[in-house]
Amino acid sequence: MANSMDGKVAIVTGAARGLGRDYAIALAGEGASVVVGDVRDCGDTVKAVEDAGGRATGVELDVTDTDSCTAMAAAAVDAYGRADILVNNAALYGGLTGGRFDALDTDEWDRVMAVNVTGIWNCCKAVVPAIREAGGGSIINISSLAAVYGLPFALHYTTSKGAVIGLTRGLARELGRDSIRVNAIAPSAVMTEGTEEFFGDKLERAKQSIAGAQTLQQNLETGDLVGTVIYLAGDASKYVTGQTIMVDGGTVYL
């Protein structure tokens with residue numbers, strides 16, 4: 001039986017570790033060839049895909065640089081002849097400095113917006129022509145529970161992820177005529193390296209607080225997101241667009 005994405009090509013940003021790495025491995029497991037990009041080296045992700053029998057190409061990617069995004073799209077077409085799926089996962093999260101809204105660093109605010117919002121715009125501008133040429137496809141933007149819940153003391157991150165939802169909805173309306181679907185996933189805090197960096201020595205207390213606010217009182221692991229990515233990337237969701245799917249253990253209900 002053929003895999004659901006045989007012949008498809010998926011691009012995953014922020015794929016050197018954590019969620020992006022698992023998204024790439026899962027998409028390859030469904031038969032897609034994957035192009036993985038990050039400011040970090042993606043060698044481990046490429047190896048993991050290839051060790052599992054898949055095909056992967058790693059590229060150096062700075063989503064704030066339009067030339068870098070264009071080179072990523074070109075790498076997909078050069079390596080595999082097309083692009084069908086774009087997962088906009090790259091974001092600033094781990095290592096951010098939280099605090100009261102009026103004490104946040106202006107430069108850090110600008111960096112968050114440049115990566116988390118403008119970075120998605122840049123990647124879409126670069127990749128959409130190839131998806132359009134392929135006859136349509138799927139764009140999946142990674143938002144966050146923070147945007148819907150209203151996470152305090154990290155207003156730069158919360159605001160950026162709210163903008164991702166708006167970008168998703170507007171772009172879905174623009175690209176529907178091209179048979180390109182655009183959706184967002186809004187997860188709760190997932191136990192990744194970035195989450196560990198964000199909470200630091202408060203991690204264990206944060207994990208208890210997050211799980212306690214959920215209907216399903218368990219912290220999310222990276223594998224808990226991949227099913228939703230596979231669903232949105234494939235034909236099972238061919239009439240789903242402009243939506244934000246909460247994968248948050250039942251913290252908020254839309």
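Any read-out appearing in this document is the output of simple, stated calculations on the displayed coordinates, not a laboratory observation. Keep in mind the model is a prediction, meaning the values are calculated, not measured. Methodologically, a virtual Cβ is constructed for each residue, glycine included, from the backbone with ideal geometry; neighbour enumeration extends over all protein chains shown.
The table below lists the values:
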| read-out | value |
| --- | --- |
| Rounded tilt (10° steps) of 203-212 against the dominant C-alpha axis of the chain | 80 degrees |
| Sum of -39500 (n - 2.57) over DSSP H runs of 4+, divided by residues of the chain (222 nm, nearest 500) | -13500 deg cm²/dmol |
| Pairwise label distance in nanometres, Q208 with Y239, each label 7 Å out on the Cα-Cβ vector | 4.8 nm |
| Choice from D235, D201, D38 showing the highest fluctuation, given a GNM over the chain with Cα pairs closer than 10 Å | D201 |
| Hits among aspartates and glutamates - C-alpha to C-alpha of K8 under 18 Å, sequence gap 8 or more where chains match | D22, E30, E50, D78, D84, E133, D178, D235 |
| Using alpha-carbon coordinates, inclination of helix 155-175 to the longest axis of the chain, degrees | 30 degrees |
| Amide H contacts of A56 (H built 1.01 Å from N, under 5 Å, at least 5 apart or other chain) | V34 |
| Long-range amide H partners of I180 with built H, under 5 Å | G137 |
| Percent RCO, i.e. relative contact order, over the stretch 9-239, from Cα pairs under 8 Å lying at least 6 residues apart | 19 percent |
| Coarse-grained scattering of the chain at q = 0.10, 0.16, 0.17 Å⁻¹, given as base-10 log I(q)/I(0) from a Debye sum over alpha-carbon atoms | -0.44, -1.18, -1.33 |
| Cα lying deepest toward the dipole's positive end in the stretch 81-193, options S160, A172, M113, charges on Cβ | A172 |
| Computed magnitude of the charge dipole of the chain (debye, nearest 20; Cβ of K, R +1, Cβ of D, E -1) | 840 debye |
| Stokes-Einstein D (µm²/s) once Rh is taken as the Kirkwood radius of the stretch 92-236 over alpha-carbon pairs, at 4 °C in 1.567 mPa s | 79 µm²/s |
| Cβ-Cβ FRET estimate between D201 and D105, R0 fixed at 22 Å, reported to 0.05 | 0.60 |
